[in-house]
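Trainee: Before anything else, here's the structure in question.
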Amino acid sequence: MRDNPLLYILVKLSLVLLCFAFILHYFFANSQLKKPQYESAKAIDSYKNVLVYNNGPDYTANHGENFSSDGYYYGLKWQCVEFVKRFYHDVKHVNMPNGFGNAKDFFDPAVPQGHLNGQRDLLQYRNGGNMEPKPDDILVFTNGLYGHVAIVTKVTPSSVEIIQQNEKDSRQVLSLTVEHQRFFVGSVTKPAGWLRKAE
């Protein structure tokens, strides 16, 4: 083979290319295994038969718009707002007049304590006010760029449990303290208040 330099070069080049192909195959096969494994449409929790879905590692991600069977706009899959609106439509039979905006937009600071938030067609209460949160209330956090909303599932004399979508944990327990008949939820991160369907 060494007597034929061209054949020798072609064989060596073929071996190099073959080794390179094996390396590429190994690299791509292993990189697929290392990718975060999640299903964006996988149900991870539920409350009153309303499912909470996993939104994956990027909290800003959306997977398209979601609508009810009767055409009501739930929001972007699988953001926190989408779960809250879906819960209120399906369980509480509330169609919010303003179906858009970020989570922080659910709380209107201009609405007096216990009055109707017309944008959401729900009564609004301030954190630190005279009204204790109740199960099914919407807790509204206005911190951060977009804010956050969650549904209250349980209230004890010292805690408030919530269920939420698009957070690391679907359930969270916040502190509840009472001072002079005023109710304070949260310690580090505190909601601005909560919304409730008028009975």
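Trainee: Might you let me know whether segment 125-141 holds any residue that is in contact with a Leu (Cβ under 9 Å, 6 or more places away or on another chain), open to solvent by 10 Å² or more (accessible area, probe 1.4 Å) and among the aliphatic types (A, V, I, L, M)?
Mentor: Let us first name the residues in segment 125-141 that are in contact with a Leu (Cβ under 9 Å, 6 or more places away or on another chain), namely 125, 127, 131-133, 137-140.
Next cut, open to solvent by 10 Å² or more (accessible area, probe 1.4 Å) only: 125, 127, 131-132.
Within this subset, residues satisfying the condition of being among the aliphatic types (A, V, I, L, M) are 131.
Scanning segment 125-141 turns up at least one residue that is in contact with a Leu (Cβ under 9 Å, 6 or more places away or on another chain), open to solvent by 10 Å² or more (accessible area, probe 1.4 Å) and among the aliphatic types (A, V, I, L, M).
Trainee: Across segment 170-182, which residue is farthest from GLY99 (Cα to Cα) among those that are open to solvent by 30 Å² or more (accessible area, probe 1.4 Å) and of a type in the set (A, V, I, L, M)?
Mentor: Out of the qualifying residues, it is VAL178.
Trainee: Now a separate question. Any residue at all in segment 157-169 that's open to solvent by 40 Å² or more (accessible area, probe 1.4 Å), at pLDDT 95 or above and assigned to a strand (DSSP E or B)?
Mentor: Yes, segment 157-169 has at least one match.
Trainee: Additional query: Going by the conditions given, is VAL11 of a type in the set (A, V, I, L, M, F, W, C), part of a helix (DSSP H, G or I) and at pLDDT 95 or above?
Mentor: no
Trainee: Follow-up question, since we're still on this one. Return only the number of the condition from (1) among the aromatic types (Phe, Trp, Tyr); (2) touching a strand residue (DSSP E or B) at 6+ places or on another chain (Cβ under 9 Å); (3) surrounded by fewer than 20 Cβ atoms within 10 Å (Cβ to Cβ) that TYR146 does not satisfy.
Mentor: Checking TYR146 against (1) among the aromatic types (Phe, Trp, Tyr); (2) touching a strand residue (DSSP E or B) at 6+ places or on another chain (Cβ under 9 Å); (3) surrounded by fewer than 20 Cβ atoms within 10 Å (Cβ to Cβ), the one that fails is (2).
Trainee: Next up: Among the residues of segment 96-124, count how many are free of Cβ contacts under 8 Å to residues at least 40 places away in the same chain, open to solvent by less than 60 Å² (accessible area, probe 1.4 Å) and either aliphatic (A, V, I, L, M) or closer than 12 Å to VAL140 by Cα (or both).
Mentor: Count: 3.
Trainee: To continue, here is another question. Can you tell me which of (1) within 22 Å of the chain's Cα centre (by Cα); (2) over 25 Å from PHE67 (Cα atoms) is the one GLY128 doesn't meet?
Mentor: (1)
Trainee: State which residue pairs qualify: first residue at pLDDT 95 or above and open to solvent by less than 30 Å² (accessible area, probe 1.4 Å) and inside segment 183-199, second residue among the polar types (S, T, N, Q) and in a strand (DSSP E or B) in any location, beta carbons under 7 Å apart, and separation of 6 or more residues or different chains.
Mentor: What qualifies is GLY186/SER175; GLY193/GLN124; LEU195/ASN117; LEU195/GLN124.
Trainee: So how many residues does segment 80-119 have that are of a type in the set (D, E, K, R) and under 17 Å from PHE67 (Cβ atoms)?
Mentor: Residues meeting the conditions: 4.
The values are calculated or read from the model by the stated rules, or taken from the named source; none is laboratory data. The model shown is predicted, which means the values in this text are computed figures rather than measured ones. Every residue, glycine among them, receives a Cβ derived from its backbone with ideal geometry; neighbour counts consider all protein chains shown. SASA here: full protein model, heavy atoms, side chains in, ligands and nucleic acids out. Shrake-Rupley method; radii C 1.70, N 1.55, O 1.52, S 1.80 Å.
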